[in-house]
Amino acid sequence: MDASDTPDVPECLTAPRDGDADTRNLDVPSTDAALPRRDFLRIAGASAGALLATGCAPPVAFPAAPAKGVERGRGTAESSTHVVIVGAGAWGGWTAYHLRTRGVKVTLIDQYGPGNSRSTSGDETRGIRSSYGDRASGELWTPWARTAIGRWKLFEEEWAKPFRTSFFHETGDVIMRATREPFITKTIDLWKANNVRHEVLTGDEARKRWPVIKADDITVAITEPDAGVVRCRAATQAVAAIAQKLGAELVIGRVRPGPIVNGKMDGVILDNGTVIRGDAYVFACGPWLRKLFPYMENRSRIPIGHALYFGVPQGDTRFQFPNLPSFNFPGVTGWPMLPVDSRGFRVRGAIAPPAPPAGTAAPAPAPAAADPTLQDPDLSSRWTNQDRVDGARRFLAARFPILANAPLLETRACHYESSVNQNFIVDHVPDTTNAWIAGLGQAEGFKFGPVIGDYIAQRVVGINGDPALKKAFALPTEQYDRPPG
């Protein structure tokens, strides 16, 4: 594994086992390379032993960025409550973090480990923005996305230095369109309703500001100056490490739900037969929800998204952070290279075939045979085919012509999860009162991690919170018209 594939975890974050104060790892040198003991105590608000016993102040000042509809009360949970979380990705890791700050004992289980290459949160980077004028859930998502941006900044302020890296990069985001389409209009309306700082530019203004972008046909561009990009895999692994330092226990293994007895789930069962029991269970396992719960089979889809990373010209900083924002064109998103690990210039989307010559009709594509393995996150291939590479290169030639022949450095592919009602799901497993399904991030879930984890923790400890959110995130009763193919 390349050293940049995992965050450089300082000794002060070596995870104690449950009930083990492990103050030894707090006695670290006061250097820039590690978090000094006094600073860790300042952030945590107590010694490690007291933190594990009482779940006092969180190490990141998230109360400074309150989330709409999420309460900070402790609910009905006691410090002896034990919650088992299946899935240590973005949602599971942040849920573990927030439950520990509420004083709840946590066992976090993942079959492959946080940020693994099969997971939805296993890509290298994710955009953090609040432009949801194209989403039916935009009214709910926009204020949460704004809170998430604030919380990612707080996370960066507190943890970038101890991990000796950077997680959040305030690139800004620009959306460019040839016409003022409904997506643009609705996004501006949502931004105004939520007091989001933004700009509306003409095509001429956009071309002047970013001359490396070929935007001859653009008439309108909207920007969100404080949007950004997070190093996804590194952040997912860091959150899991912090949750462990707060007392969560991480178990690597595959589980299946235990039996439901008198309306309650009775444990989860590892492949070796070991039963892990808690007072409550949270299944935040992304595309694996369909494998664990037949109820989810035709209420969700798990398409595979592909991201390509291209090399930028040597010595040319115009395509690097902070000199270019993340960008959005119809069907394509991307952002500049982040020098912290220089994965490359990212492009996602752009698979449309080239236009046929004038006066000729494009041939009808032959229907592709359905590959059942693409519906199984354990078996699906994450190889990016040549059609996607060619599509990305056509996009670069059209919009970033200097990069038209840039070398392709690497590709990443992961399952996204979408629900039939186009919204997140945070609700009880059917016929239970102590087990939860938390997932279906609609290809946007990672950015909401610091907020959705807080909300899931709230629900698990007995706080229903905003009725509108509870209704919006309920398990859908409707189904897709046909099975996935």
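The values are calculated or read from the model by the stated rules, or taken from the named source; none is laboratory data. Keep in mind the model is a prediction, meaning the values are calculated, not measured. With ideal geometry, Cβ positions are generated from the backbone for all residues, glycine too; neighbour counts draw on all protein chains shown.
For residue 136, work out the one condition from (1) modelled with pLDDT under 95; (2) buried (at least 21 other Cβ atoms within 10 Å of the Cβ) it doesn't fulfil.
(2)
Any idea how many residues of the stretch 174-197 are surrounded by 18 or more Cβ atoms within 10 Å (Cβ to Cβ) and assigned to a loop (DSSP other than H, G, I, E, B)?
The qualifying residues number 1.
Taking residue 205 as meeting all but one of (1) in contact (Cβ under 8 Å) with a residue 24 or more places away in the chain; (2) surrounded by fewer than 21 Cβ atoms within 10 Å (Cβ to Cβ), write down the number of the exception.
(1)
Over 27 Å from the mean Cα position of the chain (by Cα) and farther than 30 Å from residue 159 by Cβ, is that true of residue 291?
Numbers: over 27 Å from the mean Cα position of the chain (by Cα): no; farther than 30 Å from residue 159 by Cβ: yes.
So residue 291 does not fit the description; no.
Test residue 158 against the criterion of being modelled with pLDDT under 95 and farther than 29 Å from residue 436 by Cα, and give yes or no. Write out each step before concluding.
Numbers: modelled with pLDDT under 95: yes; farther than 29 Å from residue 436 by Cα: yes.
Yes; evaluated as a whole, the condition is true for this residue.
Starting from residues that are free of Cβ contacts under 8 Å to residues at least 60 places away in the same chain and closer than 22 Å to residue 130 by Cα, keep the ones in the stretch 210-224 and report whichever is surrounded by the fewest Cβ atoms within 10 Å (Cβ to Cβ). Break it down stepwise before answering.
Filtering the stretch 210-224 for residues free of Cβ contacts under 8 Å to residues at least 60 places away in the same chain gives 211, 216-221.
Now narrow it down to the ones that are closer than 22 Å to residue 130 by Cα: 218-221.
Numbers: 218: 22, 219: 15, 220: 20, 221: 24.
Going through the qualifying residues, I end up with 219.
With respect to residue 374, is the statement that it is modelled with pLDDT under 95, more than 20 Å from the chain's Cα centre (by Cα) and in a helix (DSSP H, G or I) true?
On the way: modelled with pLDDT under 95: yes; more than 20 Å from the chain's Cα centre (by Cα): yes; in a helix (DSSP H, G or I): yes.
So residue 374 passes the test.
What number of residues in the stretch 390-431 are buried (at least 18 other Cβ atoms within 10 Å of the Cβ), in contact (Cβ under 8 Å) with a residue 60 or more places away in the chain and more than 22 Å from the chain's Cα centre (by Cα)?
8
Looking only at the stretch 229-258, filter to residues that are touching a Pro at 6+ places or on another chain (Cβ under 9 Å) and under 30 Å from residue 186 (Cα atoms); which one of those is surrounded by the fewest Cβ atoms within 10 Å (Cβ to Cβ)?
231
From the residues in the stretch 294-313 that are more than 21 Å from the chain's Cα centre (by Cα) and modelled with pLDDT of 95 or more, which one is surrounded by the most Cβ atoms within 10 Å (Cβ to Cβ)?
For the stretch 294-313, the residue satisfying everything is 310.
Taking into account only those residues within the stretch 120-146 that are more than 14 Å from the chain's Cα centre (by Cα) and of a type in the set (Lys, Arg), which is farthest from residue 192 (Cα to Cα)?
Here the answer is 135.
Determine which member of the set 125, 147 is assigned by TED's automatic domain parsing to the domain that holds residue 469, touching a helix residue (DSSP H, G or I) at 6+ places or on another chain (Cβ under 7 Å) and over 18 Å from residue 327 (Cα atoms).
Values: 125 fails: over 18 Å from residue 327 (Cα atoms).
It is 147.
Name the residue, out of 319, 327, that is within 21 Å of the chain's Cα centre (by Cα) and at pLDDT 95 or above. First the steps, then the outcome.
Working: 319 fails: within 21 Å of the chain's Cα centre (by Cα).
Of 319, 327, the one residue that is within 21 Å of the chain's Cα centre (by Cα) and at pLDDT 95 or above is 327.
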